[in-house]
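Here's the structure, in structure tokens; my notes come after.
The values are calculated or read from the model by the stated rules, or taken from the named source; none is laboratory data. This is a predicted model, so every value here is computed, not measured. Cβ: placed from backbone, ideal geometry, glycine included. Neighbour counts: every protein chain shown. Side chains included, ligands, DNA and RNA excluded: accessible areas come from the protein's heavy atoms. Shrake-Rupley method; radii C 1.70, N 1.55, O 1.52, S 1.80 Å.
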Amino acid sequence: SYAARGWHVFPLHSRRGVRCSCGSPKCRVHPDGSIEGDPGKHPRTLHGFLDASTDPAVIRAWWGRWPDANVGIATGTASGVWVLDVDTRHAGDESLEARFPGLEAAVEAITGSGGRHLYWVHAPGVGIGSGVLVGVDFRGDGGYVVAPPSSHASGRCYQWEAMHDPGEHAPTVAPAELVALVRAPVDARRNGAART
């Protein structure tokens, strides 16, 4: 269904018990719940998001080989979307609300950690970065996001926010001020974040 929308997808590793399917002992969930590495978030394919495809035959072959694979969506020009990643555990909601009161996206996912992914129509010049605001990162050209129904290291699944499912709504254009913020050089973004 993502590929039918023009979103380029590719398989990610998945959580298997306390370990990641990659098999690395440094990619796991510890008994205290802390997470080491990136279990379930890194690519299974050789070139990662560069391998992402909308070809149904390629996608069927991948998930035929790895039926438990998490789903990655290549962001940016490839899929026509960029994503604002709001980490609610690190005050992302508060800093976003302070700078952009009432900001909502037509398409929004709840991450496995309880954060939010806000999907917007891709804007040229939006790449990948962090620190745009406290607890807020973004993914455009050169990046990817983990998409529903992938399983998070916490054991929870990524899911579409009620009333914000891409099956019912298309991404919309982000506010110009938000696009300008993520396009700004890193130092300018830090100064902006410091003002919030």
statement: Taking Cα pairs closer than 8 Å and at least 6 residues apart, the relative contact order of the chain in percent is 22
- prompt: Rounded to whole Å and sorted largest first, what semi-axes of the equivalent ellipsoid does the C-alpha gyration tensor of the stretch 1-142 yield via the square root of 5 times each eigenvalue?
  reply: 26, 22, 12
- prompt: Accessible area per residue of the stretch 1-97 at 1.4 Å probe, in Å²?
  reply: 50
Derived scalar couplings ³J(HN,Hα) [the stretch 54-62; Karplus, 6.51 cos²θ - 1.76 cosθ + 1.60; whole Hz; x for Gly, Pro]: 10, 6, x, 5, 5, 5, 4, 5, 4
- line: In deg cm²/dmol, rounded to the nearest 500, the helical mean residue ellipticity at 222 nm of the chain, built from -39500 (n - 2.57) for every DSSP H run of length 4 or more, is -5000 deg cm²/dmol
- line: For the stretch 37-100, the accessible surface attributable to carbon and sulfur atoms (probe 1.4 angstrom, ligands and nucleic acids excluded) amounts in percent to 55
field: Label-to-label distance, nm, for residues given as Asp38 and Asp141 (7 Å Cα→Cβ offset)
entry: 2.1
field: Within the stretch 17-157: Cβ-based charge dipole about Cα centre, in debye rounded to nearest 20 (Lys, Arg +1; Asp, Glu -1)
entry: 500
message: Restricting everything to alpha-carbon atoms, can you work out Rg to Rh for the stretch 65-186 with a Kirkwood hydrodynamic radius?
response: 0.95
- prompt: Sorted by average packing, counted as other Cβ atoms within 10 angstrom per residue and highest first, what order do 151-162, 58-69, 132-143 take?
  reply: 132-143, 151-162, 58-69
- request: Evaluate the charge dipole of the stretch 1-78 about its Cα centre and quote only its size in Debye, nearest 20, assuming +1 on the Cβ of each Lys and Arg and -1 on the Cβ of each Asp and Glu.
  value: 160
query: With all protein chains present and a 1.4 Å probe, how do Leu96, Leu50 order by accessible area, largest first?
result: Leu50, Leu96
Cα extents of the stretch 17-76 along the three principal axes, largest first (Å): 41, 26, 16
- prompt: Ordered by packing density, taken as the mean number of other Cβ atoms within 10 Å over each peptide's residues, highest first, how do 15-27, 82-94 rank?
  reply: 82-94, 15-27
